[in-house]
Amino acid sequence: MSELEIWLSFADLQATGVVKNWQTLKDWQKKYNFPPGRLFGKNSRRWSKQRDIDPWLQTRPVEDAELIQIMRERAARSVESPRHISKQRKNKPPSG
């Protein structure tokens, strides 16, 4: 007997941490070939866990150490930016 196919809604994709919002989903469909899913009704789209989601996830990298380092450096620079520092100075109580 074959395994029963599991169909996931967008809310299921969010709940499992696959995607956070519709815009990200649309971006991933364009940039990373995320499966389009299937229309079950006028406003009802579903993704097969076995045929859509699991195979797509297998194509995704687990971790890119170089990319993570770049992101950390960018985050550090943004925290040190003059705009951020000037906001800190405005919120700092007067010394004295």
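The values are calculated or read from the model by the stated rules, or taken from the named source; none is laboratory data. Being a predicted model, the structure only gives us computed values, none of them experimental. Please note: Cβ atoms are built from the backbone with ideal geometry, for glycine as well, and neighbour counts cover all protein chains shown.
Structure notes:
- In segment 1-25, the residues that are surrounded by 12 or more Cβ atoms within 10 Å (Cβ to Cβ) and without any contact (Cβ under 8 Å) to a residue 40 or more places away in the chain: 9, 10, 12, 14, 18, 19, 24, 25
- Test result for residue 27, at pLDDT 90 or above and within 18 Å of the chain's Cα centre (by Cα): yes
- Inter-residue pairs, beta-carbon under 6 Å, first assigned by TED's automatic domain parsing to the domain that holds residue 9 and modelled with pLDDT of 80 or more and in segment 52-72, second surrounded by 10 or more Cβ atoms within 10 Å (Cβ to Cβ) and not in a loop (DSSP other than H, G, I, E, B), 6+ apart: 53/47
- Residues within segment 32-63 that are of a type outside the set (Phe, Trp, Tyr), within 15 Å of the chain's Cα centre (by Cα) and assigned to a loop (DSSP other than H, G, I, E, B), tallied: 6
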